[in-house]
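Beneath this line is the structure, given in structure tokens, with notes to follow.
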Amino acid sequence: MGENKNSRMPSEAELRRQIVEIGRRLYDRRLVTAATGNISARVSAGRILITPSGICKGRLSASDVIPVDPSGNALVAGGRRPSSELGMHLCVYRRRPDAGACVHAHPPYATACAVAGISLTEPVLPETVAALGPVVLAEYATPSTPEVAGSISGLVSHHDAIILKNHGVLTVGCDLEAAFMKMEMVEHLAQVVFLARKLGNVDLLTSAQVAALHRAFGRKNNSPPERSS
């Protein structure tokens with residue numbers, strides 16, 4: 001949220017190439033493994049691109065990417081099936097008119113938070129406060145079922161990053177690059193918090209410091225209460 005969209009909308013061919021590139025980067029950075037994770041992008045009001053089910057994101061080709069309508073119907077007959085988490089992506093696009101792309105991945109440190117039931121809502125790093133906002137924890141939902149969309153529907157309108165309990169992370173951006181960078185930021189934040197706890201202390205930013213960041217970067221204050229200065 002609070003991002004600037006490019007003035008020119010990428011073509012469907014460009015979006016397909018970008019999805020392939022994001023898939024490779026996710027896989028190379030070990031933010032996904034095997035055939036896990038999924039990526040989508042909004043082409044227009046009536047057309048969304050999403051990765052297929054059962055294929056490694058590091059080995060995608062542009063022709064693997066599947067166009068669907070807002071109800072989830074494939075717009076090309078035959079071929080591969082859309083990701084089993086299609087419903088989660090469609091929920092985002094319904095709730096967020098500003099959303100141009102979604103990334104779902106299983107980054108190790110952030111997924112460890114998902115397993116431990118830990119959110120990342122506290123103000124720890126200035127860059128995540130300014131560019132990401134609080135990373136909330138959704139209730140557990142059985143993967144690949146409508147429960148997943150239900151678990152995020154009340155959160156995604158106000159949050160760009162959601163930890164899925166015992167599952168992974170979902171990030172939302174104005175475009176594919178923004179959604180990917182937010183995934184990297186969530187994993188970096190989770191790793192820093194883990195290491196800081198190992199060192200014995202997580203020193204939070206004060207309310208005044210958070211407010212100054214919001215003023216400097218124009219982000220709405222949707223953070224939980226912080227400790228006073």
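Observations on the structure shown:
- Lone qualifier among Arg24, Arg29 - being in contact (Cβ under 8 Å) with a residue 40 or more places away in the chain and either surrounded by fewer than 23 Cβ atoms within 10 Å (Cβ to Cβ) or in contact with a Leu (Cβ under 6 Å, 6 or more places away or on another chain) (or both): Arg29
- Residues considered: Ala114, Ala101, Ala131. Of these, the only one that is more than 24 Å from Ile55 (Cβ to Cβ) and either touching a helix residue (DSSP H, G or I) at 6+ places or on another chain (Cβ under 7 Å) or hydrophobic (A, V, I, L, M, F, W, C) (or both) is Ala131.
- Hits in the stretch 175-229 (condition: in a loop (DSSP other than H, G, I, E, B) and either over 28 Å from Val92 (Cβ atoms) or at pLDDT 95 or above (or both)): Asp175, Gly200, Asn201, Val202, Asp203, Leu204, Leu205, Thr206, Arg227, Ser228, Ser229
- Filter result (under 19 Å from the mean Cα position of the chain (by Cα) and small (Gly, Ala, Ser)) within the stretch 180-205: Ala190
- Of all residue pairs spaced 6 or more apart or on separate chains, those with beta-carbon atoms under 6 Å, a first member in the stretch 91-116 that is over 13 Å from Val193 (Cβ atoms) and a second member that is of a type in the set (S, T, N, Q) are Cys91/Ser153; Arg95/Ser157; Cys102/Ser40; Val103/Thr171; His104/Asn38; His106/Thr36; Ala114/Asn166; Val115/Asn166.
- Annotation: of all residues in the stretch 123-142 being out of contact with any Pro (no Cβ under 6 Å at 6 or more places or on another chain) and in a helix (DSSP H, G or I), the one that is farthest from Val92 (Cα to Cα) is Pro126.
- Within the stretch 158-174, the set of residues being in a loop (DSSP other than H, G, I, E, B) and closer than 22 Å to Pro97 by Cα comprises His158, His159, Asp160, Cys174.
- Taken as a whole, the condition of being closer than 16 Å to Leu31 by Cβ and of a type outside the set (A, V, I, L, M, F, W, C) applies to Gly173.
The values are calculated or read from the model by the stated rules, or taken from the named source; none is laboratory data. Since the model is a prediction, treat every value here as computed from it, not as a measurement. Because the Cβ atoms are built from the backbone with ideal geometry, glycine has one as well, and the counts that use them run over all protein chains shown.
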